Structures are given as structure tokens and as C-alpha cells.
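First comes the structure, then the notes that go with it.
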Amino acid sequence: KRSRGELVADFMRGGGNPADYLAQVAGRAADYSGFNLLIGDRHQLWHYNPRVGPPRLLPAGIYGLSNAALDTPWPKLLKARAALAERLAEPHPQALLELLADAAPAADGQLPDTGVGLATERLLSSVFIASPSYGTRASSVVRVHADGTREMIERSFGPSGARLGEVSLVLPPG
């Protein structure tokens, strides 16, 4: 299978229309392992998960995305989406990264049963997952300002949640 990372890079390099790009991706989705892809510009945001259906334009709102379909009501997704809603009045990047760093597991009664066993369900239930062999490897914040300036900050992590570094990028309107 091809690298899913090229889907984002190809869109960013091409600078084309999100709907046109996703139509093109839909034609070759079988070349990739499963994925969720959010593509947009300052006027629109699209989501595509080939296992769920065709690409779709998202109406204005607050969404959550984890390792399942958009807005799958997993405890960590509900928790993170609520925290995001609280921070939108003043969306400072560090506060947004802080909400992505929440390592508190969900209560056992809230855990889904995805067939991986209770211990793994607990591990996977936190917004930030840290273990020696599986876990969060990057947390990213992307902000698009009213003038079209785009800002991205990404923190990288290694095994057991060890922080490896942070990069930031600001692109002018365009």
C-alpha cells in the first residue's frame, strides 16, 4: 500500500480545489490502508473516509476525529471535542496542545467494546495514549486566521509519550 501521508502533501503542493482533489483521491483510495482525510481551505472543509462513503462537505460546526469514522462517540472524542468548544473563544495553540495531552483514561463504564480486551480499551480511551509499544506520536494544531494566514504547530512523541520536539510553520494568506 502507498503512504497515506502523501495524500496531505499532494493536496498542499497542488493548491487546488478540495472537492476536485478528493474526487481524484476517491478514484485511487484502494491504493491505501484505511484513512480519514480532512481537506479544506479557508472557506470549506471536507472529510473523506473510503470505508464510510464518498467525500462530503462539512457544514459549519465542531467535529471530532479519532481512529474510527468522523464523530464516532468514543469517550476520548467526546471529551476532547467538549474541551475544544470551551477553548474556541481564545484558541491559543498551547492551550489546544494541552487538551490533546490529556492522558486520563475513561471510566470503565464508558469504554466501548471493540474486541481488544479491557486493559487495551483503557489504554486507548485517553486523548493522549502513552505506552512503550503504541501511542500518540504527534499532536497537531492548525489554525486559519480571518486574513487567511495559516499556522501549524506539531509536537512529536516517542515510546511511552516521551516528547521529541515541536515544529511550527506560518504561511501567509494565499
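Worth a mention:
- 14 Å beta-carbon shell around Ala19, net charge (K/R +1, D/E -1): -1
- Thr136 accessible area, assembled protein chains, probe 1.4 Å, Å²: 20 Å²
- With every protein chain in place, the chain: carbon and sulfur % of accessible area (1.4 Å): 56 percent
- If you run the Gaussian network model on the chain, springs between alpha carbon atoms under 10 Å, then out of Ala68, Ala89, Ala80 the most flexible one is Ala89.
- Counted charge near Ala69, where neighbours are those whose Cβ lies closer than 15 Å (Asp, Glu -1; Lys, Arg +1): +3
- The range 25-174, Rg to Rh (Cα coordinates; Rh as Kirkwood inverse mean 1/r): 0.96
- Karplus-derived HN-Hα couplings along the range 148-153 (A = 6.51, B = -1.76, C = 1.60, θ = phi - 60°), whole Hz, x at Gly and Pro: x, 4, 10, 10, 9, 10
- Selection from Leu22, Ala85, Leu96, by position along the positive dipole direction of the range 1-116 (Cβ): Leu22
- Amide hydrogen proximity for Phe157: with H placed 1.01 Å from N in the peptide plane, the residues at 5 or more positions away or on another chain lying under 5 Å are Ala138, Leu164.
- Folded to 0 to 90 degrees: helix 5-14 orientation relative to the chain principal axis, Cα: 30 degrees
- Nearest-20 debye value, the chain charge dipole, Cβ charges on Lys, Arg, Asp, Glu: 320 debye
- Ser66 long-range amide H proximity, modeled H, under 5 Å: Asp71, Thr72
- Residues of the range 20-150: accessible area per residue with a 1.4 Å probe, Å²: 57 Å²
The values are calculated or read from the model by the stated rules, or taken from the named source; none is laboratory data. Given the structure is predicted, the values throughout are model-derived calculations rather than measurements. Cβ sites come from the backbone with ideal geometry, for glycine too, and all protein chains shown count toward neighbours. Quick note on the areas: whole protein, heavy atoms, side chains included, nothing else; ligands and nucleic acids left out. Shrake-Rupley method; radii C 1.70, N 1.55, O 1.52, S 1.80 Å.
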